[in-house]
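The values are calculated or read from the model by the stated rules, or taken from the named source; none is laboratory data. Computed from a predicted model, the values in this text were never measured in an experiment. We place every Cβ from the backbone using ideal geometry, glycine too, and count neighbours over all the protein chains shown.
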Amino acid sequence: MARGGNRIAIIGAGHVGATAAYAIMLRALFREIVLIDSDLGLARAEAADLSDANAMARPAHIWAGTYTDAASAHIAVITAGAATHGAETRLSVAAKSAEIVAA
């Protein structure tokens with residue numbers, strides 16, 4: 001059974017968000033994990049993969065959701081941001097990332 005609160009919302013279902021959700025699932029920290037992304041298809045695919053892996057872990061309900069689902073979360077983790085390309089650094093794309101988070 002989960003040790004923490006009931007729900008965590010992970011905003012950003014890319015590599016970092018999906019990995020965070022996986023680690024949270026394995027540790028059974030929340031009963032519900034909702035993935036939110038501007039690309040709903042990506043969020044659904046990652047949630048489906050995690051749900052399949054969840055059969056080998058402790059039970060948690062994992063799904064792709066919306067900001068409405070995040071409103072009732074105990075914790076929201078923001079992993080969304082602009083990807084770096086080539087020689088770009090995280091600092092050089094900080095303004096783009098801020099726009100993504102503000103949206």
Some residue of segment 60-67 being more than 16 Å from the chain's Cα centre (by Cα) and either touching a residue at least 60 places away in the same chain (Cβ under 8 Å) or in a helix (DSSP H, G or I) (or both): no
Filter pass, VAL16 being among the hydrophobic types (A, V, I, L, M, F, W, C) and under 13 Å from the mean Cα position of the chain (by Cα): yes
Subset of segment 44-53 that is at pLDDT 95 or above and small (Gly, Ala, Ser) - its residue that is surrounded by the fewest Cβ atoms within 10 Å (Cβ to Cβ): ALA48
Residues of segment 6-37 that turn out to be in a loop (DSSP other than H, G, I, E, B) and more than 18 Å from ALA73 (Cβ to Cβ), as a count: 1
Residues satisfying the stated conditions in segment 54-72, i.e. small (Gly, Ala, Ser) and either under 15 Å from ALA13 (Cβ atoms) or loosely packed, with under 14 Cβ neighbours inside 10 Å (or both): ALA55, ALA57, ALA64, GLY65, ALA70, ALA71, SER72
